[in-house]
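Every read-out reported here was derived from the displayed coordinates using simple, explicitly stated rules and does not represent laboratory data. Remember, predicted model here, so these are calculated numbers, not experimental data. Cβ coordinates were reconstructed from backbone atoms using ideal geometry, including for glycine residues, and neighbour counts include every protein chain displayed.
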Amino acid sequence: MMSSRVFVTSIAVLLAFVTISEGMSLRSLGVELHCRCIQTESKPIGRHIGKVELIPPNSHCEETEIIATLKKTGEEVCLDPEAPWVKRVIQKIMSNRRR
């Protein structure tokens, strides 16, 4: 009876370890398993942005995510893709890439 409990506990610990390590390895490869943006900023912060990352919808997140990195602090802020000023920033970035 005791050995079966130890066996079941060992299997559960092993499965938990494999699950955690697999998730960590996927994250290190840049694969997100969920949406990164919980809240979005719609107020204009354009002059504070140092870098913008556009993440299209994928199998782990149905939403387009726009993540800005602030110049001074390096903080990442999720931007509202529907905000007019965010749309202008994205258009400007896209037009600069085409040149």
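Miscellaneous remarks
- FRET efficiency, N58 to I38 (Cβ-Cβ, R0 25 Å, nearest 0.05): 0.90
- The value for region 36-99 of Rg(Cα) / (2.2 N^0.38 Å) is 1.09.
- Proximal lysines to K87, defined as alpha-carbon separation beneath 19 angstrom and excluding residues fewer than eight positions away on the same chain: K43, K51
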